[in-house]
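In what follows, a structure is listed as structure tokens, so that the remarks can point back to it.
Here, each number is a calculation from the coordinates, and none is a lab measurement. What you see is a predicted model; the values in this text were computed from it and never measured. FYI the Cβ positions are ideal-geometry reconstructions off the backbone, even for glycines, and counts take in every protein chain you see.
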Amino acid sequence: MHLYTEAREIAQEAIEQVGRDREECDDFIRQTCDYHEVVIYYHKAIQFCAEQNTSDGEEWLEDIGGIAQPGDSFGQIACRIAFATLYCAAVEALDELLEGVEE
């Protein structure tokens with residue numbers, strides 16, 4: 001999976017489904033990422049984290065309270081990082097798409 005391509009597709013779908021309202025698009029992106037296969041399956045999440053630059057996602061998680069929670073397994077942590085990485089990339093793609101429309 002190519003992160004930028006997937007993130008851009010999610011952002012584009014958000015705009016098509018809910019319009020150009022930033023908050024509604026963000027909600028759509030969050031929900032889409034939450035149910036994405038790289039987020040719900042441990043194996044896919046671990047593979048995703050191994051193949052992608054997860055720095056933005058890890059930083060976002062640290063900003064909101066930390067990457068790991070007490071009792072987390074390795075797979076749960078990978079799923080959380082995969083979600084955050086995909087979410088951050090999709091929000092960035094959304095910003096690019098919305099900015100491109102305004103210009």
Practice prompt. Residue by residue through the range 1-46, note down the ones that are among the aromatic types (Phe, Trp, Tyr) and in contact with a helix residue (DSSP H, G or I) (Cβ under 6 Å, 6 or more places away or on another chain).
Written response: Phe28, Tyr42
Practice prompt. Need at least 3 residues that are surrounded by fewer than 22 Cβ atoms within 10 Å (Cβ to Cβ) per element, so show me which helices (runs of 4 or more DSSP H) inside the range 15-89 make the cut, counting only ones lying wholly within it.
Written response: 22-34, 42-51, 55-63
Worksheet item: Which of the residues spanning the range 18-68 are closer than 17 Å to Tyr4 by Cα, among the hydrophobic types (A, V, I, L, M, F, W, C) and under 15 Å from the mean Cα position of the chain (by Cα)?
Response: Ile29, Cys33, Val38, Val39, Ala45, Phe48, Cys49
